[in-house]
Amino acid sequence: DGGITQSPKYLFRKEGQNVTLSCEQNLNHDAMYWYRQDPGQGLRLIYYSQIVNDFQKGDIAEGYSVSREKKESFPLTVTSAQKNPTAFYLCASSKAGGGFYGYTFGSGTRLTVV
Amino acid sequence: GQQLNQSPQSMFIQEGEDVSMNCTSSSIFNTWLWYKQDPGEGPVLLIALYKAGELTSNGRLTAQFGITRKDSFLNISASIPSDVGIYFCAGREGGADGLTFGKGTHLIIQP
């Protein structure tokens, strides 16, 4: 079955370290998105990509970086510049059309800074 | 980015009660979507709406695309324990790169 896979489910990072969250989809979707979720704050857009080798900053891109070298993959790196990285991170994908048919979400990665 | 106003922020109800929540926007949307998120998981699409006035059901869930195209409503009838979670509305303006999400309604059911 097609779907979107995020790994790992739980991730622990020491302060000052960079860490990369994986997101892979086999839905043949063109667009992919990264969201951050904190309690009571809903979903905040970090980065999105509508085609391979192109991506755009979302509302809270500072301290994060992404790449889109393959259609299926959209990894997110949380850098040491991100001041408060502890959060639940969600990856999503959609057909071309800006989400007209909705997004498919992964099951999330919970990142904790220790 | 633009925000959707979703209310209520949280609901504490008894099992068996009906539930209503809504989202409003300052802009006209051509798509409204409703998602449910279980604890520790990603949101899952419940209902998609594409026409003003459209009323769509999915089991005990019913959603409506407001006739002004600036709001949408979700109703859950006869709530059961597995309805617990966070419900998000999402909308799309014509020509937009993606969806705008509400902040969610946290549904808590007391036995």
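The values are calculated or read from the model by the stated rules, or taken from the named source; none is laboratory data. What you see is a predicted model; the values in this text were computed from it and never measured. Methodologically, a virtual Cβ is constructed for each residue, glycine included, from the backbone with ideal geometry; neighbour enumeration extends over all protein chains shown. Surface areas here come from the heavy atoms of the whole protein model, side chains and all, with no ligands, DNA or RNA. Shrake-Rupley method; radii C 1.70, N 1.55, O 1.52, S 1.80 Å.
Choose one answer from A:Tyr101, A:Tyr64, A:Tyr48: the residue with the largest mean-square fluctuation in a GNM of chain A with alpha-carbon springs under 10 Å.
Ranking A:Tyr101, A:Tyr64, A:Tyr48 by mean-square fluctuation puts A:Tyr101 first.
Which parts of the range A:92-111, residue by residue, lose 40 Å² or more of accessible area when the rest of the protein chains are there, as against the chain isolated (1.4 Å probe)?
When all protein chains are present, A:Gly98, A:Phe100, A:Tyr103, A:Phe105 each give up 40 Å² or more of accessible surface.
Taking +1 at the Cβ of each Lys and Arg and -1 at the Cβ of each Asp and Glu, which of B:Pro39, B:Ser25, A:Asn84 sits farthest along the dipole of the protein assembly as shown towards its positive end, judged by Cα position relative to the Cα centre?
So the residue we want is A:Asn84.
Pairs A:Lys14/B:Lys36; A:Lys71/B:Lys36; A:Lys70/B:Lys51; A:Lys57/B:Lys36; A:Lys95/B:Lys51: which exceed 30 Å Cα-Cα?
Working: A:Lys14/B:Lys36 32 Å; A:Lys71/B:Lys36 27 Å; A:Lys70/B:Lys51 35 Å; A:Lys57/B:Lys36 26 Å; A:Lys95/B:Lys51 20 Å.
Among A:Lys14/B:Lys36; A:Lys71/B:Lys36; A:Lys70/B:Lys51; A:Lys57/B:Lys36; A:Lys95/B:Lys51, the Cα-Cα distance tops 30 Å for A:Lys14/B:Lys36; A:Lys70/B:Lys51.
With +1 on each Lys and Arg Cβ and -1 on each Asp and Glu Cβ, how big is the dipole of the protein assembly as shown about its Cα centre, in debye rounded to the nearest 20?
Working: 19 positive and 20 negative charges, 80 e Å.
That gives a dipole near 380 debye.
Which residue, B:Leu45, B:Leu74, B:Leu33, tops the fluctuation ranking in a GNM of chain B built on C-alpha contacts under 10 Å?
The residue that fluctuates most here is B:Leu45.
Can you spot the aspartates and glutamates whose alpha carbon is less than 18 Å from B:Lys70's alpha carbon? Ignore those fewer than 8 places along the same chain.
Once the sequence-local aspartates and glutamates are set aside, what remains near B:Lys70 is B:Glu54, B:Glu93.
Looking only at B:Asp38, B:Asp71, B:Asp97, which one moves most when chain B is put into a Gaussian network model with springs between Cα atoms under 10 Å?
B:Asp97
In the range B:1-103, what percent of the accessible surface is made up of carbon and sulfur (1.4 Å probe, ligands and nucleic acids excluded)? The partial results should precede the final answer.
On the way: 2360 of 4720 Å².
Looking at the range B:1-103 in its full context, I get 50 percent from C and S.
Taking the Cα centre of chain A as origin, sum charge times position over the Cβ atoms of Lys and Arg (+1) and Asp and Glu (-1), and report the length of that vector in debye to the nearest 20. Mind dumping the intermediate values first?
On the way: 12 positive and 10 negative charges, 48 e Å.
Roughly 240 debye for chain A.
Ignoring ligands, DNA and RNA, how much accessible area is buried between chains A and B, both sides summed, with a 1.4 Å probe, to the nearest 100 Å²?
Rounded to the nearest hundred, the buried surface is 1700 Å².
So how far, in whole Å, is the C-alpha centre of the range A:71-114 from the one of the range B:73-111?
19
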